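Note sheet for the following structure.
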């Protein structure tokens, strides 16, 4: 495991103990996804690093304590800088984590802190969310609490596909940020299955006192499977030919773990993959306009043709025909 991964794990443990004091070693191990033995090692590492952890009816961090200087390498400290900058992009949604990271930064040795200060000015990270989360702070706080304390959330959720709002009870399992959007993954009592909810579509919420048990067999990666972006569905094979600038862009970008590229003599590129979520794949291909052609499957090719034909019809309406007629008349008069 790299130093950066180790640091990330230690910070996660620190934040969990800070947010939910009183967890046992086994509960900590489960939340951090490590063995009991590794959990004890990490606790010892935090203690040796100056974090005032004590065990009294579960693990806690001493309130009002002052941390001694923490010894990080430059690489580990840079990971903190990146973490701070990523959090800053989220419109203050993770203020507690940001404050905790800043406290850790302030305990770095002065020489290292000064060196990082000059580097920080030359590092810029932009992952601005695609939706407006500026008024979602209380919701994110409730979601984090619900996940940590395993409490059921009641939400009024807007379904984009149905254009309706329904009230749901959700057992929140995981909060995910992907492609500019935040998603809540959890068991939906209304649908009686695990579902994915876009956080910006949650209109109202209430943190209930009802508890739930996190299934020991739930695996987020397995649940998502071969999903394209965050849309799950029946897995299918597809092939797309890309032309010109799109082909050059495809060559240098990874869109899916299963993708394969085949170079063609004319400079075009064949893109193949196996994924779930045909609607998401369709939207992705459409984003390349006339620089992409779906070859397989026929269902996706037909969907693509329908959308493109509807677009042509929209643009070539009565106004288009009138302007074309005027253009033809002007050309004839010039002759």
Report summary line: Label model pair residue 310, residue 163: point-to-point distance (7 angstrom along the Cα→beta-carbon line) in nm is 1.2
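Once you sort the root eigenvalues of the Cα gyration tensor of segment 137-218 as a ≥ b ≥ c, which label holds: rounded (a/c under 1.5), prolate (a/b larger than b/c) or oblate (the other case)? Please list the in-between numbers first.
Numbers: a/c = 1.35, a/b = 1.28, b/c = 1.05.
Here segment 137-218 falls in the rounded category.
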Query raised in the report: Cα convex hull of segment 236-315: how many Å³ per residue?
Result: 90
Query raised in the report: Distance in nm between label sites at residue 44 and residue 178, each 7 Å beyond Cα in the beta-carbon direction?
Result: 3.8
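Can you compute the FRET efficiency between residue 73 and residue 245 using 1/(1 + (r/R0)^6), with r the Cβ-Cβ distance and R0 = 35 Å? Round to the nearest 0.05. Could the numbers behind the result be given before it?
Values: r = 42 Å, r/R0 = 1.19.
Efficiency, rounded to the nearest 0.05: 0.25.
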Query raised in the report: At a Förster radius of 51 Å, what calculated FRET efficiency corresponds to the Cβ-Cβ distance of residue 295 and residue 115, to the nearest 0.05?
Result: 0.45
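Pulled fully out, how much extra length does the chain show between residue 154 and residue 253, if you take 0.36 nm times their separation in residues and subtract their Cα-Cα distance?
Details: separation 99, 0.36 × 99 = 35.64 nm, distance 3.91 nm.
Going from the current span to full extension adds 31.7 nm.
Sort 204, 39, 188 so the one with the fewest other Cβ atoms within 10 Å of its own Cβ comes first.
On the way: 204 11, 39 22, 188 18.
Final ranking by Cβ density, sparse to dense: 204, 188, 39.
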Report summary line: Extend 7 Å from the Cα of residue 128 along its Cα-to-C-beta direction; within segment 162-187, residues with backbone N under 18 Å of that point are 178-182
**Report entry** Extension reserve of the residue 272-residue 208 stretch, reckoned as 0.36 nm per residue once the Cα distance is removed
**Finding:** 18.5 nm
Query raised in the report: What is the calculated FRET efficiency for residue 27 to residue 193, with r their C-beta to C-beta distance and R₀ = 30 Å, to the nearest 0.05?
Result: 0.70
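All of the numbers you see were taken from the coordinates with simple rules; none came from a lab. Keep in mind the model is a prediction, meaning the values are calculated, not measured. As a convention, Cβ positions derive from the backbone with ideal geometry for all residues, glycine included, and neighbour counts pool all protein chains shown.
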